[in-house]
Amino acid sequence: MENINSNRRFIITGLFILVLLIYMIRLFLLQVVDTSYKLSAENNVFRHIIQYPTRGLIFDRNGKLLVFNQSVFDVVIVPNEIKAFDTLLFCQLVDIKKEELIQKMREAKRYSSYKPSIIIQLLDFKKFSLLQENLYKFQGFYTQARTIRSYSSPIAANLLGYVGEVDTSIVNNNPYYASGDYIGISGIEKSYEEFLRGKKGLKIQMVDVHNRLKGSYKDGKFDTIAIVGSNLITSIDADLQSYGEKLLANKKGGLVAIEPNSGEILALVASPSYDPGLLVGKQRTKNYRKLSLDADKPLFNRAIGAMYPPGSTFKTINALIGLQEGVITTKTVLPCNGGFRVGSFYQKCHHGGSVNFIYSIQGSCNAYYSQVLMRILRDNKFDSISHAYENWRNHLLSFGIGRKLNTDLSNEVKGILFTKEFYDKRFQGREWRPLQFVSMAIGQGELGVTPLQMANVCAIIANRGYYYIPHIVKAINQNDSIDKRFYQKHKVNINKEYFEPVIDGMELVVQSGTARSAYFQGIDICGKTGTAENPHGEDHSIFMAFAPKENPKIALLVFVENAGFGSTYAAPIASLLIEKYLTDSISRPYVEERIINTKLNIE
Amino acid sequence: MERSSGIFKRVDWGIILIYSLLVIFGWINIYAAVYNEDYGVIFDISQRYGKQFLWISISILLIIIIFIIDARAYEFLSYPIFIFALLLLVAVLLFGKEVNGARSWFEFGGIRLQPAEFTKVATALAVSRFMSVHDFRINRMTDLIKVAALIFLPAALIILQNDTGSALVYIAFVIVLYREGLSPWYLILGFIFILLFIGSLLASLYAVFFVLPILAILVFHFMYRNIRMTMIGIVMLVLLVLLLVINGYFFHYDKLKILVTGILVSLVILAYPAFVKRIKHYWLIAAVLVAAMAFTFSVEYIFNNVLEKHQRTRINVVLGLEDDPKGVGYNINQSKIAIGSGGFSGKGFLQGTQTKFDFVPEQDTDFIYCTVGEEWGFLGTSMVLILFGALLIRIVVLAERQRSKMNRIYGYCVASILFFHVAVNVGMTIGLTPVIGIPLPFFSYGGSSLWSFTILLFILLRLDTTRMDNF
Ligand SMILES: [Zn+2]
């Protein structure tokens, strides 16, 4: 008996060892094999508090503040800290309906009962201070400050762009952004997002089971400080921009003004526009919907996104290419006789007899340039028309036509300029005939350019053969730190001497040619009118100009939709802008008044 | 009384070493669990770690007293001590202070004592004394009932204090009874009823249906050790199960039907060998099965009508029937997170975040093991288990080398109580046992528990020093 029982000591010892072994296996699985508990532990303890940097400010070229930040306040609740409170008073203070409040609180609770949720967004300062005074009555309610964009004057909306909440595709594709973050959606806000946003900071705080802060994790060893967004100094001249918007008001169109020797964009107007203040804060979604439904497309930046045939302004480029290729000289005289006829083809014009080179520009002779382009395409330097076309097209590309200029503006389009291969395919082995291209001689046909591209062409002419890529930002945080591509001089394939006769012609255009309406005493303006044929209605009025003739300070392109001849509206607008920019005064208030009072096709 | 140098020579230093390691490591972990930067000194008496130091110091005093007292006194005084302990339990019921719903504390000027902790020592002494008398026969019903009463009496008084956890510890004495010759059938029977209890709660009545016939076969097999007969029984079982499963497509079984069929199948299985071999215990076995059926039915009733809601929830959470991460399950979940996040080597001393920031409940008392797990990792937790394992094995060795029957039984009482505490406490923190609020010996904060375990263990060491003496 005693013996049998003493064997039981081993069974008992075995039981002890077995249980402890099972526990050790369980502990091994729990602590070493399964890593999910470490994650749960972090979720328990760490609160990653993101420090939002303030967004960089935006200035004009003269240091005038355009975009700044304004503080707004969110109301945040921690559901399980809320005690009974005076709902009526709360609703009055922040101007919210009781049902809405209850709904928001329910949603917050569903998200988490101990983590904070925003229940009211973007409270203005007045309501905030009212609430703040009474906040002690509302346990579990907190306020947190945030900033929204604010504008010192309602200009340059399309250019500056706007900021909005990130969508899920951005959150999924860019690790920097988290749901609820803000991002530049258009304009400068978009293209300079990385500079403007700064760098978010992260504070790792530890909390206890009641969500009370228990200090920084490892004394802030892993915290990062938020870096304030960089300030941008744009090349925009706020006064010129504002004046341009004033002149284009109640008209559809766009204008781009460039400082030729630097490529800096002085003004970039798309009309109709909108007040940039509409797209911030609480009203943004509502206003955005309204603006995007507007038939006049105020959200569309026509200055960089609209394509149209350049019309007669294009003759200047054909003139330059003709001279460069040697198919004409400044002495070349060509017949007009009211138009250009080849067989059944007829390009109408309005000159009697023959036209010389200078006059071909001054008087904008269609027949002259039709013949120039025919010569360019039939140039026997090339074994075929298609190769001559390719050579011509390469010249255009060097002028920045038919391709993106690679500016710092978002949503730039490249326009229309088809390749040789495109036409090879279209003609399907049939012969290339120059007549098929002849309307391009006068900027019609299969051509699409943006106002920005033509403004750049104007700057190239003003510079006598080179350009800097147009750009809107001059400096980031005071120093000249913008992308180096904007400091590179781009030359076109046209010898410098060929520009002078063209420029002489352009001077005459204003002095005694098609754009006398742009003339005023004191400044030598060189320009070229254009009329873009519009199959849907009245033609678009175009004017390209730079001034002064020597040492040009401004090159610009103005286009007004459905305004008829370039000389009617585009030319006087350009001339007023040049006068304003160069002299800071307006000598012809009656012209200004006429333009401002004109309303064209605006609903 | 022996010369003290003799005691020094004969005392088991191995156990003292393990004891010291556990107490010191426990103290370090209490320090980490309730660490307060403003009172960073581990001896700061205003903090629990400072107090624990005080309790440890008093424990050393207690050890000295235990060694001074003549070893024979523990035998002579065992009944008076037991009666005194029972009186204390009654007194605490009448005059005690209620803490967390349990009226189990005495308070003397800031120091709180929990008599239930010390009753374990008294019961261990009384049980050893009672079972060591010459004419005690454990498998004699009257003797067994007397011992059971001895164990049940303090447990019942503790249940009356509403401290079920501390009362459950007395289950540990079953191990002692087993060592002293209790028929394993009692244990198997107990085990079967636990299985049935869990099975019927898991609501899968098919499980019950399977458990009963399998039991019948097992019983048969162990009683008669006839492989051929057992195989026949198994084949019959499989056939009957198949028959029932096929029938199941046509009939819907209710609970009663399943149980009755289960028992009938079992009886049929047993009837064959009973008839062939003329086994006289057949009706006894049949009676056990009927009792099992009755038990299974009563479980549901007891569970739903006798147990309180929080007790039901605890059982359900452990059985995996309820997922309650914010309620009872919350504690288990947070405890598992704390231990699991420790990884292999832990986050380092005072680097634990889960325990320090109160995610784990009772972090310095019942859930102190979480701090070990979080800050010392698998190395720490397994180290503690190895220390306890070594302690238990060493106690069994000590118990077995006693000449005196009483000393041996007492040794097993010590091992069993410690084992129960460790198994339930650690099991609770890793989600293997229900959340029963009992401390981890030598580790958990608290004077009462530290002192009672110290007294429990060192009386054994004191008795061990006299093992060579002639009685
Ligand atoms: Zn003509």
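The values are calculated or read from the model by the stated rules, or taken from the named source; none is laboratory data. The shown structure was predicted, so the numbers you read here are calculated from the model rather than taken from an experiment. Positions of Cβ are generated from backbone atoms using ideal geometry, with glycine treated the same way; all protein chains shown enter the neighbour counts. These area figures cover heavy atoms from the full protein model, side chains too; ligands, DNA and RNA do not enter into them. Shrake-Rupley method; radii C 1.70, N 1.55, O 1.52, S 1.80 Å.
Considering only the stretch B:1-118, give the strands (runs of 3 or more DSSP E) lying wholly within it that have at least 2 residues that are touching a helix residue (DSSP H, G or I) at 6+ places or on another chain (Cβ under 9 Å) and surrounded by 15 or more Cβ atoms within 10 Å (Cβ to Cβ).
So the answer is B:102-108, B:111-113.
So is A:LEU557 in a helix (DSSP H, G or I), under 19 Å from A:ILE304 (Cβ atoms) and open to solvent by less than 40 Å² (accessible area, probe 1.4 Å) or not? For A:LEU557, the condition - in a helix (DSSP H, G or I), under 19 Å from A:ILE304 (Cβ atoms) and open to solvent by less than 40 Å² (accessible area, probe 1.4 Å) - is not met. Note on the stretch A:134-218: enclosed helices (runs of 4 or more DSSP H) holding 1 or more residues that are open to solvent by 20 Å² or more (accessible area, probe 1.4 Å) and either hydrophobic (A, V, I, L, M, F, W, C) or without any contact (Cβ under 8 Å) to a residue 60 or more places away in the chain (or both) are A:168-173, A:193-196.
Filtering A:ASP275, A:ASP237 for residues that are under 19 Å from A:SER153 (Cα atoms), modelled with pLDDT of 90 or more and surrounded by fewer than 17 Cβ atoms within 10 Å (Cβ to Cβ) leaves a single hit, A:ASP275.
Taking the conditions (1) open to solvent by less than 10 Å² (accessible area, probe 1.4 Å); (2) without any contact (Cβ under 8 Å) to a residue 40 or more places away in the chain in turn, B:ILE430 satisfies each one other than (2).
Total residues in the stretch A:354-409 satisfying the condition of being within 16 Å of the ligand (Cβ to nearest atom) and outside any helix (DSSP H, G or I): the figure is 6. Cβ-Cβ distances below 7 Å connect the following pairs, each with a first residue in the stretch A:344-373 that is in the same structural domain as A:GLY505 (by TED's automatic domain parsing) and at positive phi, a second residue that is near the ligand (Cβ under 10 Å from one of its atoms) and open to solvent by 10 Å² or more (accessible area, probe 1.4 Å), and a separation of six or more residues or different chains: A:GLY353/A:ASN337.
Could you list, in sequence order, all residues of the stretch B:337-360 that are at pLDDT below 70, touching a helix residue (DSSP H, G or I) at 6+ places or on another chain (Cβ under 9 Å) and within 23 Å of B:GLY427 (Cβ to Cβ)?
Result: B:THR355, B:PHE359.
Selection within the stretch B:385-396: residues that are surrounded by fewer than 24 Cβ atoms within 10 Å (Cβ to Cβ) and more than 9 Å from chain A (Cβ to nearest Cβ). The member of this set that is nearest to A:LEU29 (Cα to Cα) is B:LEU387.
A:ASN301 meets all of the listed conditions (1) farther than 23 Å from A:ASN394 by Cβ; (2) within 16 Å of the ligand (Cβ to nearest atom) but one, namely (2). Give me the residue from the stretch B:402-422 that is open to solvent by 10 Å² or more (accessible area, probe 1.4 Å) and either within 11 Å of another protein chain (Cβ to nearest Cβ) or hydroxyl-bearing (Ser, Thr, Tyr) (or both) and, out of that set, nearest to B:MET468 (Cα to Cα). The qualifying residue nearest to B:MET468 (Cα to Cα) is B:SER404. When you check A:LEU93 against the structure, is it open to solvent by 80 Å² or more (accessible area, probe 1.4 Å), among the hydrophobic types (A, V, I, L, M, F, W, C) and modelled with pLDDT of 85 or more, yes or no? So A:LEU93 fails the test.
Among (1) of a type in the set (S, T, N, Q); (2) more than 16 Å from the ligand (Cβ to nearest atom); (3) more than 16 Å from A:GLU325 (Cα to Cα), which single condition is A:SER439 missing? The failed condition is (2).
Taking the criterion of being open to solvent by 40 Å² or more (accessible area, probe 1.4 Å) and either more than 7 Å from chain B (Cβ to nearest Cβ) or at pLDDT below 85 (or both), the residues of the stretch A:20-39 that qualify are A:LEU21, A:ILE22, A:ILE25, A:LEU29, A:VAL33, A:ASP34, A:THR35, A:SER36, A:LYS38, A:LEU39.
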